[in-house]
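The values are calculated or read from the model by the stated rules, or taken from the named source; none is laboratory data. This is a predicted model, so every value here is computed, not measured. Cβ: placed from backbone, ideal geometry, glycine included. Neighbour counts: every protein chain shown. For the accessible areas, the whole protein counts, side chains as well, though only heavy atoms, and no ligand, DNA or RNA atoms are used. Shrake-Rupley method; radii C 1.70, N 1.55, O 1.52, S 1.80 Å.
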Amino acid sequence: MHEPTVHAFFDRATFTVTYIVADPDTRICAVVDPVMDYDPNAAHTSHGSAGKVVETIRDHGYTLEWILETHAHADHLTGAQWIKAQCGGKIAIGENIRLVQAKFSGLFNLGPDFPTDGSQFDHLFADEEQFSIGSLQGRVMHTPGHTPACISYVIENTCFVGDTLFMPDYGTARADFPGGDARTLYRSIQRIHRLPPETRLYMCHDYMPGGRDPQWETTVAESRQYNKMIRDGVDEDSFVEVRQTRDAGLRAPVLILPSLQVNVRAGVLPDPEDNGIAYLKLPLNQLGGG
């Protein structure tokens with residue numbers, strides 16, 4: 001088994017961790033869950049976070065083969081298109097992105113010209129599909145529950161879990177988004193927990209409970225022993241009760257509306273209108289108050 005080289009980039013504005021996963025032999029790499037910077041007060045986009053990823057790719061002489069999305073995120077805009085423009089690579093996501101596109105096409109009234117077949121992405125992964133990053137071997141695990149399109153990437157002895165799991169002292173992702181389901185999330189996490197105990201798990205987010213420093217790496221063994229919501233011995237009904245109670249008190253993510261409009265397009269911003277300005281929509285009274 002080859003050992004991937006993993007570079008992590010923590011974005012404090014959105015608590016998101018982006019990764020470069022590189023094959024040290026061929027210097028071919030993938031990027032997982034890149035971030036486009038977005039200032040909601042000014043509706044301004046920039047690329048400082050993604051720029052650090054591109055700089056690292058260039059500094060190490062890597063060739064970018066894949067830009068891997070674990071799902072259509074609701075808490076940050078993806079930097080996939082900008083990174084592709086700088087470094088190349090194919091943007092990939094799970095094939096159930098079609099379900100998410102169909103749902104949010106209606107919410108944002110994107111119209112008949114917006115395809116809901118996933119064609120905005122270069123590749124749609126099926127469950128258990130295999131792929132490579134140089135000499136590194138990877139496979140896809142469909143791990144829905146947070147959203148119906150969530151996937152995890154198992155690359156040699158690592159697994160990039162997206163928004164299924166968080167660090168053991170925080171728990172798991174929420175399951176109250178459209179198409180989300182706490183029971184489905186429980187079963188998806190059991191699938192991750194059946195990976196070899198030494199498998200390194202890389203989180204997509206860390207919210208630094210108790211004010212600790214950011215952390216984003218654990219193992220299957222540690223998650224099974226210590227995860228506060230879904231460690232070994234927690235049955236499905238107990239997890240569902242705790243998860244649903246927790247979700248009932250959560251507000252919608254700050255960036256959910258701009259994020260989803262961009263992320264279902266694989267990171268492409270809406271076309272400018274006749275005045276040369278691009279616009280994002282804010283559907284009123286659709287997400288509930290708080």
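Data for the structure
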{"quantity": "Å² per residue, accessible surface of the chain at 1.4 Å", "calculated": "45 Å²"}
{"quantity": "Gain in span if fully extended, residue 107 to residue 287, counting 0.36 nm per residue against the direct Cα distance", "calculated": "63.8 nm"}
{"quantity": "P(r) histogram, all alpha-carbon pairs of the stretch 124-171 included - 10 Å bins from 0, percent", "calculated": "26, 50, 21, 3"}
{"quantity": "Residue-averaged [θ]222 nm for the chain, counting only DSSP H segments that reach four residues, each worth -39500 (n - 2.57)", "calculated": "-7000 deg cm²/dmol"}
{"quantity": "Trypsin sites (Lys or Arg not before Pro) restricted to DSSP loop in the stretch 1-87 with at most 15 other C-beta within 10 Å", "calculated": "12, 27"}
{"quantity": "Stokes-Einstein diffusion coefficient of the chain, Kirkwood radius over Cα pairs, 4 °C, 1.567 mPa s, in µm²/s", "calculated": "67 µm²/s"}
{"quantity": "Using distinct alpha-carbon pairs, which all enter the 1/r mean, Kirkwood radius of the stretch 42-81 in Å", "calculated": "11.9 Å"}
{"quantity": "Test item: Cα-centred dipole of the chain, Lys/Arg +1 and Asp/Glu -1 on Cβ, debye", "calculated": "360 debye"}
{"quantity": "Rg ratio (alpha-carbon, reference 2.2 N^0.38 Å) - the stretch 150-193", "calculated": "1.15"}
{"quantity": "Rounded Å value of the spacing that divides the Cα centres of the stretch 1-49 and the stretch 56-122", "calculated": "14 Å"}
{"quantity": "GluC sites (Glu not before Pro) restricted to DSSP loop in the stretch 229-283 with at most 15 other C-beta within 10 Å", "calculated": "273"}
{"quantity": "Gain on full stretching of the segment that runs from residue 59 to residue 245 - 0.36 nm per residue minus C-alpha separation", "calculated": "62.3 nm"}
{"quantity": "Share antiparallel - DSSP beta bridges, the stretch 141-239, percent rounded to 5", "calculated": "75 percent"}
{"quantity": "With every protein chain in place, the chain: carbon and sulfur % of accessible area (1.4 Å)", "calculated": "48 percent"}
{"quantity": "P(r) tail fraction, the stretch 1-116 - alpha-carbon pairs more than 22 Å apart, %", "calculated": "39 percent"}
{"quantity": "Semi-axes of the equivalent ellipsoid for the stretch 166-290, Cα gyration tensor, largest first, Å", "calculated": "33, 18, 14"}
{"quantity": "For the chain, share of DSSP beta bridges that run antiparallel, in % to the nearest 5", "calculated": "70 percent"}
{"quantity": "Selection from 264, 226, 287, by position along the positive dipole direction of the stretch 185-290 (Cβ)", "calculated": "226"}
